[in-house]
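What follows is a set of notes on a single structure, which appears directly below.
A short reminder: the numbers here are calculations on the coordinates, not readings from a lab. For clarity, every value in this text was computed on a predicted model and none was experimentally measured.
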């Protein structure tokens, strides 16, 4: 069971900022920006590479939630939404998650 599955099951505490039937959003414990929130599907999907056509609704919901949370966090000047996929892509937790980063100017390339 991944750490995110344990957060969904409330076995590990998290600073939750949003929840519905499909998604959960909470503050990253090691933030890379003043605002760093993770948006995860409650369904255990390992990564973008594991998506199926049946996951379209849940992934779309996660992106909509990211937009709503960005508004709630007053990220009016902009933000970045990042999904890492696989080891070379920098994915550390084997559960699909979206990083919502904001509160400072983002640079390019990201690294």
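Which of the following values of Rg and Dmax of the Cα atoms in Å was calculated from the structure shown: (1) 13.4, 37; (2) 20.6, 74; (3) 19.7, 70?
(1)
Alpha carbon centre of the stretch 43-63 versus the stretch 76-109: separation in Å?
Using only Cα atoms to place each centre, the spacing works out to 16 Å.
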